[in-house]
Structures are given as C-alpha cells and as structure tokens.
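First up is the structure itself, then whatever we jot down about it.
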Amino acid sequence: MSGAAVRVDTNSPVPPYEQIRAQLAALITTGRLPEGERLPTVRQLAADLGLAAGTVARAYRELESASLIRTRRGAGTRVAPLPTPLQHPDPAELAALARRFIAEARAMGADDEAVLSAVRGALRE
C-alpha cells in the first residue's frame, strides 16, 4: 500500500474492523488504491495497527465479499477491479452507508449541520 495510511481510533464506538473496512473501501473506490495494488498481509497490518489478526481478517473478508479486494495464495491480497456502477443504487444500501457515516461523524463530535456540510462539500468535489 504505497502512501495510503489506515488508522484505528480505539476510543471510537465504531469497531476497529469496521474502521479498517471503511477506510480501505474509501481508498479503493476513490482510486487512491488502484486496481492491482497489493495490500499488506493480515498479520502485517495487524502488527502495524497493534490489533489482533482476526480483526484485520474480518475487515479483509468483508472487503472481499464486497468484491473490492481479492486474495490468492501466492499472490497476496490485491485491489480488485471496481465493479461497474449500478444504474439505480439500492436505497437500503444507501441508507446503511449514510447511517455508518453519521455514526462515525457523531463519534468525532459532529452535529447535524456539520454532517450535512461535509456531505454537501463531498458532492461538490
């Protein structure tokens, strides 16, 4: 993972595996981690973050389930080609994504206006 850093806030109410999953998913979907980029091994990332290997393994499993990464024996874990965008995103998935964002933003101390401002700013980018 060239230059992309994953950080875990142990004081956050968001579980560490979810923090890892969300950060890596964002890096992948925004192109900061390009297709084919090799990710650290589960053990290496766990050691780097001071976490149990099972925590990182769960994040990797969820990313693999979402088709964002692929793990192959001998080739390691790499960023998968991005899936083709859906024509009409599933409203339930969008709502779940919004709830996760709001939970993380509130854990950082953001109020409703700050959350909305962040979303508006991101939409303008």
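Read-outs throughout are calculated quantities, based only on the coordinates presented, and are distinct from any laboratory measurement. Computed from a prediction, not measured in an experiment: that's the story for all the values here. Positions of Cβ are backbone-derived with ideal geometry, glycine not excepted, and every protein chain shown enters the neighbour counts.
Values computed for the structure shown
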quantity: Computed [θ] at 222 nm, deg cm²/dmol, the chain (DSSP H ≥ 4; -39,500 (n - 2.57); rounded to nearest 500); calculated: -16500 deg cm²/dmol
quantity: Residue order, fewest to most surrounding Cβ atoms within 10 angstrom, among 30, 55; calculated: 30, 55
quantity: Relative contact order (%) - the chain, alpha-carbon pairs under 8 angstrom, separation at least six; calculated: 24 percent
quantity: Choice from 96, 59, 47 with maximal GNM fluctuation in the chain (Cα, 10 Å cutoff); calculated: 96
quantity: Distant-in-sequence amide H partners of residue 33 (H built 1.01 Å from N, under 5 Å); calculated: 28
quantity: Ascending count of other beta-carbon atoms within 10 Å, so fewest first, for 14, 8; calculated: 14, 8
